[in-house]
Amino acid sequence: MKFAVITFPGSNCDQDAYHAAKDVLGQQAEYIWHKDTDLKGADVVILPGGFAHGDYLRCGAMARFSPVMASVREFAAKGGPVLGICNGFQVLLEAGLLPGAMLRNVSLKFQCEHVDVRVEQTDTPFTVACRVGQVLRIPIAHGEGNYFAEPEAVARLEKNRQIVFRYSTPDGRVTAASNVNGSVGNIAGLCNEQRNVVGLMPHPERACESILGSADGLVMFESVMKAVAHA
Amino acid sequence: MRARVFVTLKPSVFDPQGRTIAEALHTLGYDGVEDVRQGKYFELDLATSQPAQAQALAAEVADRLLANPVIESYRIEIES
């Protein structure tokens, strides 16, 4: 199967995502420049981490106007699996493909560390090979990952089971202390109502080989391969 | 005609930067500053001399791009 990795000016995790798909999992992968509109027959689209368009105005605010986003939107509308990682998640929020917005981390620091996230939902293409309650140890690297939505919007996310990952302790307890950036509800990642668009702040693509400190991110790639194979 | 757009976080949204600035001011002895909210300021030069048109155009671009309605609100001043 084929992964499309969108490259915006300022993306800096596009090579990590490409490496995970191509070298670690042995799948086809293509970089798609943000000015292109052809997704080249990809089965999965990844919006990678980085600082698209310099994060000018707000993180992801400019990237949503890149020509490729019309194709991503169309791909998503047809049910194609789309994963936004870190800055890619911020782009999906600004593009309205996922609900909510990001604020500066409560610590006001750019945080770069391994964290634990608990899998809440397994009926998305990126978590179908996980167990509910499974804890993944994967790194974060962001300054603005403090997820915010109004209480009514969060209630809607809960009701629709759209919260896919929460920051937790290593044994899977969702506590205030494990909430690394101040996100409402410890939210680390979510999906749209159709469940095919998923965004998360942690970087699974940087945790696909034990030499990198964790291979816990691999299950998300294995999930989407399983999901596409059974589609 | 110039429009000034002030974008601020909604009252319901915590502003960690504003809080830190307020704490810094307290450290400097400015206890009279009770709180700080940080925002963004834009000056738009518009190709119109009609205040109503300027207001409408500024509001449209604020809605579409300058502010994120999930976390921010805005206020517009038209300079005549």
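Just so you know, all these numbers are worked out from the coordinates, no wet-lab data involved. Note that the structure is predicted; figures quoted are calculated from it, not measured. Neighbour counts are summed over all protein chains in view; Cβ atoms, including those assigned to glycine, are modelled from backbone coordinates with ideal geometry.
In percent, how large is the relative contact order of segment A:2-229, given Cα pairs closer than 8 Å and 6 or more residues apart?
Computed value for segment A:2-229: 20 percent relative contact order.
What does the structure give for A:88-95 when I average, per residue, the other chain Cβ atoms found within 10 Å of the residue Cβ?
On the way: counts 0, 0, 0, 0, 0, 2, 3, 0.
Mean inter-chain Cβ contacts per residue within 10 Å come to 1.
What is the mean number of Cβ atoms from other protein chains located within 10 Å of the Cβ atom of each residue in peptide B:63-71, rounded to a whole number?
On the way: counts 0, 1, 7, 3, 3, 10, 1, 12, 8.
For peptide B:63-71, the averaged partner shielding equals 5.
Once every DSSP H run of n ≥ 4 in chain A is given -39500 (n - 2.57) and the sum is divided by its residues, what mean residue ellipticity at 222 nm do you get, rounded to the nearest 500 deg cm²/dmol? Don't skip to the answer; put the middle values down first.
Details: 5 runs with 45 residues, N = 231.
Theoretical 222 nm ellipticity from helices: -5500 deg cm²/dmol.
Mind listing which GluC sites (Glu not before Pro) in segment B:22-69 are in a DSSP loop and have 12 or fewer other Cβ atoms within 10 Å?
Values: sites: B:23, B:34, B:43, B:60; in loops: B:34.
Of the GluC sites (Glu not before Pro), the ones in loops of segment B:22-69 whose Cβ has at most 12 other Cβ atoms within 10 Å are B:34.
Counting only Cα, what are the radius of gyration and maximum Cα-Cα distance Dmax of segment A:73-231, in Å?
14.3, 43
Students often check this: by mean Cβ neighbours within 10 Å, which of A:203-210, A:171-178 ranks highest, and how do the rest follow? Walk me through the numbers before you get to the answer.
Working: A:203-210: 22.8, A:171-178: 11.9.
Highest mean packing first, the order is A:203-210, A:171-178.
Label residue B:77 and residue B:64 with points 7 Å out from Cα along Cα→Cβ: what is the distance between them in nm?
2.6 nm
Among B:33, B:5, which comes first, second and so on when ranked by fewest other beta-carbon atoms within 10 Å?
Values: B:33 12, B:5 19.
Lowest count first: B:33, B:5.
Which peptide among A:58-64, A:83-89, A:73-79 comes first, and what is the full order, when sorted by highest mean count of other Cβ atoms within 10 Å? It would help to have the intermediate numbers written out before the result.
Numbers: A:58-64: 23.4, A:83-89: 29.3, A:73-79: 14.4.
The packing order, highest mean first, is A:83-89, A:58-64, A:73-79.
Compute the length gained on full extension between residue A:122 and residue A:78: take 0.36 nm times their separation in residues and subtract their Cα-Cα distance, giving the result in nm to one decimal.
13.8 nm
I want to check the label-to-label distance for residue A:161 and residue A:70. Put each point 7 Å from Cα in the C-beta direction and report it in nm to one decimal.
Computed distance between label sites residue A:161 and residue A:70 equals 3.7 nm.
Taking the Cα atoms only, what angle lies between the long axis of helix B:51-61 and the longest principal axis of chain B, rounded to 10 degrees?
With both axes taken from Cα atoms, the answer is about 60 degrees.
At 7 Å along the Cα-to-beta-carbon direction for both residue B:6 and residue B:20, put a label point, then send me their distance in nm to one decimal.
2.4 nm
Whole-Hz ³J(HN,Hα) for each residue in segment B:64-80, computed from phi via Karplus 6.51 cos²θ - 1.76 cosθ + 1.60 with θ = phi - 60°, x for glycine and proline: what do you get?
Along segment B:64-80, the couplings run 7, 9, 5, 10, 9, x, 5, 10, 10, 10, 9, 9, 10, 10, 9, 8, 8 Hz.
Beyond 24 Å, what share of the Cα-Cα pairs of the protein assembly as shown remains, rounded to the nearest whole percent?
Result for the distance tail: 54 percent.
Give the angle, between 0 and 90 degrees and rounded to the nearest 10, that separates the Cα long axis of helix B:16-27 from the longest principal axis of the Cα atoms of chain B.
50 degrees
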